[in-house]
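Reading through the structure tokens given below for one structure.
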Amino acid sequence: MFDVAIIGCGITGAATAFMLSKYKLNIVVLEKENDIALGATRANSAIIHAGYDPEPGTKMARLNVRGCALAETLSRDLDVPYIKNGSLVLAFSEKEMDTVRALYDRGEKNGVPGQKILSKEEILKMEPHVSDKVLGALYAPSAGIINPWEYALAFAEVAVLNGCEIRLNSGVTAISKIENGYRLTTATDDVQARYVINCAGVDSAVIHEMVAPPAFTIKPSRGDYYLMDKAEGEKAKCVLFQCPSELGKGVLVSPTVHGNLIVGPNAVSCKDAHRVNTTMDGLQYVKEAAARSVPDINYRNAIRNFAGMRANTDKDDFIIMMAAPGFLDLAGIKSPGLTSAPAIGEEAVRILSENGLALTEKENPVTTRKVVRFKHLSSDEKRALISENPLYGRVICRCETITEGEIVQAIHSPVPPVSVDGIKRRAGSGMGRCQGGFCGPRVLEILSRERGVDPVSILKDKEGSFILTEEIKKEAAL
């Protein structure tokens with residue numbers, strides 16, 4: 001029997017596993033997909049929010065500010081790309097200036113450091129591409145940008161190094177109470193655990209109702225995005241927000257840690273929480289709304305569109321509660337969930353301890369990791385690495401200068417990928433201008449070779465996304 005079973009391995013589940021793995025516990029993470037971080041964690045704005053938006057006194061406010069403070073240290077220790085570039089909430093009318101002042105007051109109550117209200121002149125000096133119709137803005141220097149899926153991967157990989165077990169393709173279909181814990185039925189087998197943590201994102205209400213009466217309703221909301229080529233990357237230095245509304249934080253324009261520009265999202269209520277298709281209307285809305293902030297974005301430089309799904313609920317706060325004895329809900333983790341995740345993990349440790357989970361700290365838990373990023377090395381470092389391993393001298397992804405050595409490193413990581421996009425999320429191959437058009441076939445070949453499997457079985461991404469249909473026999477070709 002496991003001490004703790006975590007259902008779901010998005011950013012919340014991964015961060016919680018990381019925090020718990022520092023203790024002498026037997027932990028299993030059950031993830032329904034063939035990789036971790038395939039839900040909201042991989043399709044979002046990639047923002048570390050400062051914490052001025054949540055209502056003071058809420059869990060969301062407290063955990064947002066704490067998570068923002070943790071991000072700088074954690075990203076350094078876990079070698080995750082992160083830039084503390086600050087954010088601006090732009091106002092284009094006197095009414096919106098009232099909103100900016102209200103957000104400032106809220107941020108002061110929440111403990112957001114270094115906030116300022118800037119004038120038009122100060123904004124345009126910082127951000128020359130912002131519309132000259134701007135009147136003022138709230139500046140929060142503690143905000144930042146991060147690689148969201150690598151943040152989750154880093155938490156998960158270190159948890160595995162500390163002895164945590166991650167089971168993929170293991171969606172939970174039923175939960176029953178047993179003596180001293182729960183039995184969880186998955187797509188592959190049954191798991192028994194003394195404590196269960198529900199981190200199932202848009203499916204968290206379904207999981208909750210396997211053990212307790214309904215307590216909340218998921219109201220999924222889809223958002224469309226543009227990802228722009230690096231040629232547009234200088235159009236914003238800070239994260240540029242518009243004033244929030246009841247629909248969310250609005251359409252933003254922001255640089256990414258890879259040097260691109262991200263624009264979006266809109267907010268569309270959905271019935272199907274798993275349908276994350278983009279729409280022409282949605283993308284047109286994003287383009288028109290973003291022009292209010294930055295009017296000179298060239299959308300001919302878009303390299304990808306995508307959509308993400310928010311796990312909104314009928315509650316105004318994160319749902320963090322013991323739903324039943326030994327069963328903890330971490331649900332409704334909408335924005336700022338990415339920012340708050342490590343703080344939510346800390347909260348989960350505290351709550352389980354208060355509910356009887358015995359915690360004994362490990363003497364030397366793993367708390368750091370290191371990733372080789374060849375293009376960022378000095379010339380001497382590159383030569384030394386190639387001398388040690390010639391695979392680092394073979395560039396596979398020309399757009400992003402990703403080498404075969406980095407791809408092989410990713411394939412043999414503590415949470416190994418099974419798809420071409422899984423390697424993309426770990427090594428960065430396929431992230432550039434051609435979006436894998438050049439390197440994709442070579443990545444497939446390397447993945448097939450390193451895993452010792454038939455190339456026909458290699459996936460693009462999720463289960464069923466086969467790239468090849470069959471091998472063409474030489475005899476048939478002749």
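So what's the gap between the Cα centers of the range 364-432 and the range 296-353, to the nearest angstrom?
When both Cα centres are located, 29 Å separates them.
Within the range 398-478, list the trypsin sites (Lys or Arg not before Pro) lying in a DSSP loop whose Cβ has at most 10 other Cβ atoms in a 10 Å radius.
Working: sites: R398, K424, R425, R426, R433, R442, R449, R451, K460, K462, K473, K474; in loops: R398, R433, K460, K462, K473.
For trypsin sites (Lys or Arg not before Pro) across the range 398-478 that sit outside H, G, I, E and B with at most 10 neighbouring Cβ atoms in 10 Å, the list reads K473.
Sticking with the crude label model, points 7 Å out along Cα→Cβ, report the distance from K362 to V206 in nm, one decimal please.
So the label points at K362 and V206 sit 3.2 nm apart.
At 1.4 Å probe size, with every protein chain present, just tell me what the per residue accessible area of the chain comes to in Å².
43 Å²
Report the calculated FRET efficiency for T185 and R449 (r = Cβ-Cβ distance, R0 = 35 Å), to the nearest 0.05.
It comes out at approximately 0.45.
Rounded to whole Å, give me the distance from the Cα center of the range 161-218 to that of the range 248-281.
The range 161-218 and the range 248-281 have Cα centres separated by 29 Å.
Starting from the Cα-Cα distance between A324 and K84, subtract it from 0.36 nm times their residue separation and give me the gain in nm to one decimal.
82.5 nm
Using 0.36 nm per residue, how much length does the chain from D380 to E94 gain when fully extended, once their Cα-Cα distance is taken away?
Using 0.36 nm per residue and subtracting the Cα-Cα distance, I get 97.4 nm.
How large is ³J(HN,Hα), in whole Hz, for each residue of the range 235-245 in order, when computed from phi with the Karplus curve 6.51 cos²θ - 1.76 cosθ + 1.60 and θ = phi - 60°, using x for Gly and Pro?
6, 8, 9, 8, 7, 9, 9, 9, 4, x, 10
Let me have the relative contact order for the range 162-202, percent, based on Cα pairs under 8 Å that are six or more residues apart.
Value for the range 162-202: 28 percent.
Taking the convex hull of the alpha carbon atoms in the range 51-102, what volume per residue do you get, in Å³?
82 Å³
When the Karplus curve 6.51 cos²θ - 1.76 cosθ + 1.60 is applied with θ = phi - 60°, which whole-Hz ³J(HN,Hα) does each residue of the range 43-51 get, with x for Gly and Pro?
Each residue's phi maps through the Karplus curve to give 9, 8, 7, 6, 9, 9, 6, 6, x Hz.
Give the shape of the range 224-377 as rounded, prolate or oblate, defined through the alpha-carbon gyration tensor: a ≥ b ≥ c are the square roots of its eigenvalues, a/c under 1.5 means rounded, and otherwise the shape is prolate if a/b is larger than b/c and oblate if not. Walk me through the intermediate numbers first.
On the way: a/c = 2.75, a/b = 1.52, b/c = 1.81.
Here the range 224-377 falls in the oblate category.
Probe radius 1.4 Å, ligands and nucleic acids ignored: give me the carbon and sulfur share of the accessible area of the chain as a rounded percent.
51 percent
Once phi is turned into ³J(HN,Hα) by the Karplus curve 6.51 cos²θ - 1.76 cosθ + 1.60 with θ = phi - 60°, what whole-Hz value does each residue of the range 414-424 show in order, with x for glycine and proline?
For the range 414-424, the Karplus-derived couplings read x, 10, x, x, 10, 9, 4, 5, x, 5, 3 Hz, x marking Gly and Pro.
Using the structure shown, select from K32/K362; K59/K315; K59/K116; K84/K116; K95/K237 the pairs with a Cα to Cα distance greater than 22 angstrom.
On the way: K32/K362 29 Å; K59/K315 12 Å; K59/K116 24 Å; K84/K116 16 Å; K95/K237 26 Å.
Checking Cα-Cα distances, K32/K362; K59/K116; K95/K237 exceed 22 Å.
Can you pull out the cysteines in the chain that have no other Cys Cβ under 4.7 Å?
By the Cβ distance rule, which asks for a partner under 4.7 Å, the isolated cysteines are C9, C68, C164, C199, C238, C243, C270, C399, C434.
The values are calculated or read from the model by the stated rules, or taken from the named source; none is laboratory data. Since the structure is predicted, the reported quantities are computational estimates derived from the model, not experimental observations. In this analysis, Cβ positions are derived from the backbone assuming ideal geometry, glycine residues included, and neighbour counts consider all displayed protein chains. Accessible surface areas use protein heavy atoms only, side chains included; no ligands, DNA or RNA. Shrake-Rupley method; radii C 1.70, N 1.55, O 1.52, S 1.80 Å.
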